[in-house]
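So the structure is just underneath, and the comments pick up after that.
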Amino acid sequence: MIKREKFWRQPGWLFCLLLPLFHFASVKLTFFCAVTPENAVVVWLPNAVLLAALLRFRGQRAPLLAALTFTSDVLANLNAFPWYEAVLLSAVNLLEVTITYQLMQRSGASPRLHRLKDLGQFILAGPVFGAMLAGLLAAAVLQQVGGATTSYLTLARVWWFGDGLGLLIYTPLLLAYTQSQHQRPKLTRWDDAALATTLLLAVAVLSAHGGEIDGVSVTPTLLLPAVAVIAFRFGVRLTTLLVALISLSTAMMMTTGLKPFGDVPIHLEVVRAQEFILTLCIIGIGFAVVLSELQTRERELESRVRERTRELEQSNSRLADISATDGLTGIANRRRFDETLAAEWSRARRNKQPLMLALLDVDLFKQYNDCYGHQSGDDALRAVANELARQMRRGSDFVARYGGEEFAVIAQSANEEDALAMAESICAAIAALNLPHATSPFNVLTASIGVALITPGEQHSITSLIKTADVALYRAKQLGRNRVEQADVTSVA
């Protein structure tokens, strides 16, 4: 089975086989439904078939598609015209479609015809210019070759209006049903009721004879308000289908002698029918395209709003990271430390778990700066910060620059042994960086660490935790630096 997307990607062999058959059937359908006994064409369908194919495939294999439809057009017309006249009239039809397609290509109109601008360019190119030129040429063929006795201008006008209406109605219809639908309309039971009412009204109009039912005037113009409602609620697809069915049914009413526009001469009846169908197209297809364009713009606006919102969120996230990140070392700053400590304190208190705070001070850092310069001092702080970040083994472990050459570590620790082991590992890792420090008794850059471990309770506070860690840090410095000391919160006044 050929997938729909592949079938409509380019005109393959199956499409090239079906196109002339469909075109041939549309010619026969037009002769059956839309040509009066006096040979007046109300609306001509077949030219829309080739034009829709060219627009749908953007001109791919255009010569082949044109040759196939030209052949089917000639064969379908042989029953109505001599072969030479059928060839000439088919050539006029092909010229009409070719001119319309070329004009649309030059204007840059989208083949979807879902924008009012594109629809306007299509109307000018096809129903107005292309069909008018074809009408002038066809009238000459019918008079000079076919021997028609009707006036030249009348022949040209009937051909022009019939072809123009056919392009205007059936090209958007075929394009709508051969292209993917972006968004299906959301319908309610009132929409279903409106559609049902329109169909019932159409049946009533189609059953009228002479434009009356029991003496009450019932003409196809009664359908116009209902079609407008359908256009607003059901979108381009269903509206184009409804307009096509009503226009074809109106033409068929005339060909069967029902006279939907009253008992008037045939030439006046054809004019009234074409005027009605034109009005039907303007109200139905025009309103549907306007609504489709508004919906497209709304979707584009929503997409831009979402994109801008996402960009704003990303910018805000970057700003939040910048505001909470130390510019020199790239780890969390004092502001982030205060926020994290408050959050971890609340969690530890809620879960009744111990919370560890370790304050770290780089030993003799002022002397290091004096000896090696401030640039080397900055490099040393970055190296210490990177090592501290690497030492954070668990996702809940947190390190921040506390200020100057001081750093802070927050961790959820199960017991005192784990807290001291973590601090000892950090102290050893910093010394293992082997950053030369000529004025240090250890000859390398080292750090002193003070550890406080508290299970938050009513008698404790964040301030007491920080003060306890600070006391422990002071003791580590007093005892020779490059070491870890722990202080008991109960010993801190």
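Being surrounded by 15 or more Cβ atoms within 10 Å (Cβ to Cβ), out of contact with any Pro (no Cβ under 7 Å at 6 or more places or on another chain) and not hydrophobic (A, V, I, L, M, F, W, C) is the requirement here; does N333 meet it? Answer is yes for this residue.
Just one of the listed residues (V271, V236, V264) is within 30 Å of L153 (Cα to Cα) and either in the same structural domain as W159 (by TED's automatic domain parsing) or surrounded by 17 or more Cβ atoms within 10 Å (Cβ to Cβ) (or both), namely V271. With (1) in contact with a strand residue (DSSP E or B) (Cβ under 7 Å, 6 or more places away or on another chain); (2) at pLDDT 85 or above as the list, and A324 as the residue in question, which single condition is left unmet? Failed condition: (2).
One line per residue, one yes/no per condition, for (1) within 17 Å of A109 (Cβ to Cβ); (2) at pLDDT 90 or above; (3) touching a Gly at 6+ places or on another chain (Cβ under 9 Å); (4) among the aliphatic types (A, V, I, L, M):
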residue: L136; (1), (2), (3), (4): no, yes, no, yes
residue: Q144; (1), (2), (3), (4): no, yes, no, no
residue: G147; (1), (2), (3), (4): no, no, no, no
residue: L153; (1), (2), (3), (4): no, yes, no, yes
residue: F161; (1), (2), (3), (4): no, yes, yes, no
residue: L167; (1), (2), (3), (4): yes, yes, yes, yes
residue: T171; (1), (2), (3), (4): yes, yes, yes, no
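Pairing residues of the stretch 287-311 that are of a type in the set (V, I, T) with residues that are assigned to a helix (DSSP H, G or I), at Cβ distances under 7 Å and at least 6 apart in sequence or on separate chains, gives V289/L116; V289/L119; V289/V236; V290/L116. Restricting attention to the stretch 6-38, the residues being assigned to a loop (DSSP other than H, G, I, E, B) and in contact (Cβ under 8 Å) with a residue 12 or more places away in the chain number 7. Scanning the stretch 129-154 for residues that are in contact with a helix residue (DSSP H, G or I) (Cβ under 7 Å, 6 or more places away or on another chain) and either farther than 19 Å from V35 by Cβ or not in a helix (DSSP H, G or I) (or both) turns up F129, G130, M132, L133, L136, L137, V145, G146, A148, Y152.
Which of the residues that make up the stretch 281-298 are within 20 Å of G166 (Cβ to Cβ) and buried (at least 24 other Cβ atoms within 10 Å of the Cβ)?
The answer is G284, I285, A288, V289.
Restricting attention to the stretch 349-383, the residues that are in contact with a Ser or Thr (Cβ under 8 Å, 6 or more places away or on another chain), among the hydrophobic types (A, V, I, L, M, F, W, C) and either surrounded by fewer than 17 Cβ atoms within 10 Å (Cβ to Cβ) or assigned to a helix (DSSP H, G or I) (or both) total 2.
Taking A411, is it within 23 Å of K477 (Cβ to Cβ), assigned to a strand (DSSP E or B) and either aliphatic (A, V, I, L, M) or at pLDDT below 90 (or both)? Yes, satisfied. Is it the case that some residue within the stretch 1-16 is touching a Ser or Thr at 6+ places or on another chain (Cβ under 8 Å), over 29 Å from G147 (Cα atoms) and not small (G, A, S)? Yes, that holds for at least one residue.
Against the definition (basic (K, R) and free of Cβ contacts under 8 Å to residues at least 40 places away in the same chain), how does R157 come out, yes or no?
yes
Take A48 and tell me if it is within 37 Å of the chain's Cα centre (by Cα) and modelled with pLDDT of 90 or more. Yes. Looking at the stretch 111-122, is at least one residue at pLDDT below 95, outside any helix (DSSP H, G or I), over 23 Å from S26 (Cβ atoms) and more than 42 Å from the chain's Cα centre (by Cα)? Looking for residues that are at pLDDT below 95, outside any helix (DSSP H, G or I), over 23 Å from S26 (Cβ atoms) and more than 42 Å from the chain's Cα centre (by Cα), one finds none in the stretch 111-122, hence no.
Does L278 fit the bill of being part of a helix (DSSP H, G or I), under 30 Å from L153 (Cα atoms) and either not assigned by TED's automatic domain parsing to the domain that holds F122 or not aromatic (F, W, Y) (or both)? Taking the combined requirement at face value, the residue satisfies it. Scanning the stretch 11-41 for residues being closer than 21 Å to R272 by Cβ, touching a helix residue (DSSP H, G or I) at 6+ places or on another chain (Cβ under 6 Å) and modelled with pLDDT of 90 or more gives a total of 0.
The condition (being among the basic types (K, R), in contact with a helix residue (DSSP H, G or I) (Cβ under 9 Å, 6 or more places away or on another chain) and modelled with pLDDT of 90 or more) is satisfied by just one residue among R237, R157, R233: R157.
For the stretch 68-80, does any single residue satisfy the condition of being of a type in the set (F, W, Y) and crowded, with 19+ Cβ neighbours inside 10 Å? Yes, the stretch 68-80 contains a residue that is of a type in the set (F, W, Y) and crowded, with 19+ Cβ neighbours inside 10 Å.
The values are calculated or read from the model by the stated rules, or taken from the named source; none is laboratory data. Predicted, not measured: the structure shown is a model, and the values here were computed from it. All Cβ positions, even for glycine, are placed from backbone atoms using ideal geometry, and neighbour counts span all protein chains on display.
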